[in-house]
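Below you'll find the structure, written out as structure tokens, and then a few comments.
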Amino acid sequence: MKTTGFTLLLLMTLVSAALAQTEKGRWQVGAQVGNLTYQRFKVFKGHSLSVNLTPSAGYFVAKNLLAGLSVPFSNTSNSYKAGPSDYNNRSIGIGPFIRYYVGNSNVKPFAGIGFTYNSTAIRYESLLNLNDIKLKGSSTNLVPAVGAAWFINRNVLLSAGFGYSFYHAKNQGFQQPNPNTLTVTPITEKYQKLSFDVGFALLFGK
């Protein structure tokens with residue numbers, strides 16, 4: 001009887017914790033990481049590093065329904081000892097998102113959508129004996145996403161999911177008809193991209 005009573009008490013505690021993970025009035029603060037790549041180049045004795053990081057904060061406006069803001073940051077850099085110029089592309093943005101968690105278990109599927117406006121800075125160093133070239137641009141990104149979150153306990157979760165980006169950018173590029181002439185030109189990009197992201201979050205509140 002004691003064993004049965006303890007088992008029932010434990011199950012009730014676990015169910016109660018699961019139900020309280022995504023209750024209205026709680027806060028979620030976390031980050032997602034995607035597109036983390038590193039590559040070495042033998043010919044030009046260089047390397048490339050790319051990373052996307054998206055911190056976010058949200059509030060449960062209803063049970064299982066999270067609304068908030070995200071601040072995506074991405075950085076791509078190529079560095080060489082010889083040959084092509086060094087290159088850096090850095091972007092930071094901000095935008096709203098909404099996510100709905102399904103169910104009451106510790107593993108919850110989710111679906112959501114987010115929109116961000118991003119500012120981009122591009123830099124080429126030591127390009128064909130010219131001074132450093134600095135370009136800028138902006139972009140918007142609409143990302144529906146699906147995935148699953150594992151609530152380790154009432155205050156910590158890990159997540160993984162797929163996002164499909166609808167990306168639209170207006171950046172600056174350049175043309176160099178001769179070594180002494182550099183012309184900045186507008187570049188417009190539109191594309192869709194499937195991505196896989198992993199993340200973690202902390203939850204606060206009653």
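The values are calculated or read from the model by the stated rules, or taken from the named source; none is laboratory data. Note that the structure is a prediction, hence the values are computed from the model and not measured. Cβ sites come from the backbone with ideal geometry, for glycine too, and all protein chains shown count toward neighbours. For the accessible areas, the whole protein counts, side chains as well, though only heavy atoms, and no ligand, DNA or RNA atoms are used. Shrake-Rupley method; radii C 1.70, N 1.55, O 1.52, S 1.80 Å.
Values as computed for the structure displayed
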{"read-out": "Those residues of the stretch 107-123 which are at pLDDT below 95 and of a type outside the set (G, A, S), in sequence order", "value": "T120, I122, R123"}
{"read-out": "Residues of the stretch 145-168 satisfying the condition of being over 25 Å from K24 (Cβ atoms), in contact with a Lys or Arg (Cβ under 6 Å, 6 or more places away or on another chain) and either open to solvent by less than 50 Å² (accessible area, probe 1.4 Å) or charged (D, E, K, R) (or both)", "value": "S165"}
{"read-out": "The stretch 154-188: number of residues that are within 17 Å of N89 (Cβ to Cβ) and modelled with pLDDT of 90 or more", "value": "6"}
{"read-out": "Any pair with Cβ under 9 angstrom, 6 or more apart, that starts in the stretch 185-206 at a residue that is farther than 18 Å from P144 by Cβ and ends at one that is exposed (fewer than 10 other Cβ atoms within 10 Å of the Cβ) and of a type outside the set (K, R)", "value": "T185/Q175"}
{"read-out": "Output for the stretch 56-82, where each listed residue is under 19 Å from G30 (Cα atoms) and in contact with a Phe, Trp or Tyr (Cβ under 8 Å, 6 or more places away or on another chain)", "value": "S56, A57, G58, Y59, F60, N64, L65, L66, A67, G68, L69, S70"}
{"read-out": "Selection from the stretch 92-144 of residues that are within 14 Å of the chain's Cα centre (by Cα), more than 16 Å from L53 (Cα to Cα) and open to solvent by less than 30 Å² (accessible area, probe 1.4 Å)", "value": "G112"}
